[in-house]
Amino acid sequence: MAVPISDLMAHLDALLKPEQFNDYCPNGLQVQGRQQVQQLVCGVTASQALIDSAIEVGADAVLVHHGFFWKGEDPCITGMKQKRIKALLEHEVNLIAYHLPLDAQPLYGNNVQLAAQLGITVTDGLEPGNLYSVGHIGKLDKAAPVMAFADHVANKLGRRPLVIEGGEQTISTVAWCTGAAQGYIEKAAALEVDAFLSGEISEQTVHQARELGIHYIAAGHHATERYGVQAVGKHLQLELGVDYQFIDIDNPV
Ligand SMILES: [Zn+2]
């Protein structure tokens with residue numbers, strides 16, 4: 001069923017509450033296309049490859065986690081950015097992007113959806129007591145040696161994580177935050193969990209893990225952020241009757 005883009009945006013804003021976040025990009029409708037949306041394509045990043053695939057399948061709107069217009073970038077619409085925006089405008093495809101609101105949404109967000117994939121029970125926010133915290137802590141059903149947990153992550157996400165062992169402990173409690181949240185490792189260590197999982201890793205993260213005594217698991221920025229947008233797409237299909245499909249443009253980082 002086709003729905004007006006204004007209805008779709010009102011639904012998304014009510015669900016994701018962008019006003020609660022101080023983000024690095026605008027959240028919501030970033031590039032306006034046609035008025036009615038029936039075919040919705042979801043993806044992680046609004047790359048040219050995703051935009052081209054969406055046009056090919058006849059998408060009316062594309063919903064992503066990583067859109068355009070990041071703080072600090074050149075605001076001019078030239079080069080790579082011009083090509084992406086030109087393709088969207090020429091085909092009247094709406095580009096909808098939600099960044100931190102899509103990480104944090106307590107039912108459909110990247111963080112809780114990653115926990116569901118990995119079989120982790122959420123016990124609190126990485127910011128204790130905050131339901132909309134970006135990042136969470138939780139526990140495993142059964143304590144696992146670090147390499148057994150890494151195998152489990154590899155199996156579920158289809159990508160081998162990079163593991164830095166931070167001690168002798170098996171893993172029963174874990175903190176996680178999808179994407180490039182390696183900078184939260186001290187926050188996680190302060191909560192006395194056995195391991196911290198995020199997408200990316202920096203040189204210094206290795207030393208931090210060893211010195212703070214917490215295992216660090218770099219499970220992939222893209223790999224950890226595939227699930228929120230799919231959960232939201234499925235929700236929109238159920239609630240509004242749009243046709244949704246997820247297009248995965250693989251990314252090894
Ligand atoms: Zn990200």
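Loop-only GluC sites (Glu not before Pro) in segment 99-203, please: DSSP not H, G, I, E or B, and at most 12 other Cβ atoms within 10 Å. Each step should come with its number before you reach the end.
On the way: sites: Glu165, Glu168, Glu186, Glu192, Glu200, Glu203; in loops: Glu165, Glu168, Glu192, Glu200.
Of the GluC sites (Glu not before Pro), the ones in loops of segment 99-203 whose Cβ has at most 12 other Cβ atoms within 10 Å are Glu168, Glu192.
Run through the DSSP bridge list for the chain and note the antiparallel percent, rounded to the nearest 5.
Details: 17 of 37 bridges.
So the antiparallel bridges amount to about 45 percent of the total.
With all protein chains present, calculate the accessible area of Tyr108 using a 1.4 Å probe and round the result to the nearest 10 Å².
Using a 1.4 Å probe on the heavy atoms, I get roughly 50 Å².
Among bridges DSSP assigns within segment 3-101, what percent are antiparallel (round to 5)? Intermediate values should be presented prior to the final figure.
Details: 5 of 14 bridges.
Of those bridges, close to 35 percent are antiparallel.
Which whole-number value in Å² is the accessible area per residue of segment 177-253, probe 1.4 Å? Present the calculation step by step, with values, prior to reporting the outcome.
Values: 3230 Å² over 77 residues.
Ligands and nucleic acids excluded, the result is 42 Å² per residue.
Using a 1.4 angstrom probe with every protein chain in place, what is the largest-first accessible-area order of Lys81, Lys187, Lys17, Lys234?
On the way: Lys81 30, Lys187 85, Lys17 60, Lys234 110 Å².
Ranking Lys81, Lys187, Lys17, Lys234 by accessible area, largest first, yields Lys234, Lys187, Lys17, Lys81.
What is the spin-label model distance, in nm, from Lys83 to His152 if the labels are put 7 Å beyond Cα along the C-beta direction?
Label-label distance for Lys83 and His152, simple model: 4.2 nm.
I'd like the accessible area for Glu73: 1.4 Å probe, protein heavy atoms, all chains in place, Å² to the nearest 10.
70
Of the cross-linked pairs Lys156/Lys187; Lys17/Lys142; Lys142/Lys187; Lys81/Lys139; Lys83/Lys187; Lys71/Lys234, which ones have a Cα-Cα span greater than 32 Å in the structure shown? Present the calculation step by step, with values, prior to reporting the outcome.
Details: Lys156/Lys187 26 Å; Lys17/Lys142 35 Å; Lys142/Lys187 24 Å; Lys81/Lys139 42 Å; Lys83/Lys187 40 Å; Lys71/Lys234 30 Å.
From the list (Lys156/Lys187; Lys17/Lys142; Lys142/Lys187; Lys81/Lys139; Lys83/Lys187; Lys71/Lys234), the Cα-Cα distance tops 32 Å for Lys17/Lys142; Lys81/Lys139; Lys83/Lys187.
How large, in percent, is the carbon and sulfur part of the accessible surface of segment 105-223 at a probe radius of 1.4 Å? Display every interim value, and only then the final one.
On the way: 2580 of 5210 Å².
Reported share for carbon and sulfur atoms: 50 percent.
The values are calculated or read from the model by the stated rules, or taken from the named source; none is laboratory data. Here the structure is a predicted model, which means the values were calculated and not measured. In this analysis, Cβ positions are derived from the backbone assuming ideal geometry, glycine residues included, and neighbour counts consider all displayed protein chains. Protein only, heavy atoms only, side chains kept; ligands, DNA and RNA dropped before computing areas. Shrake-Rupley method; radii C 1.70, N 1.55, O 1.52, S 1.80 Å.
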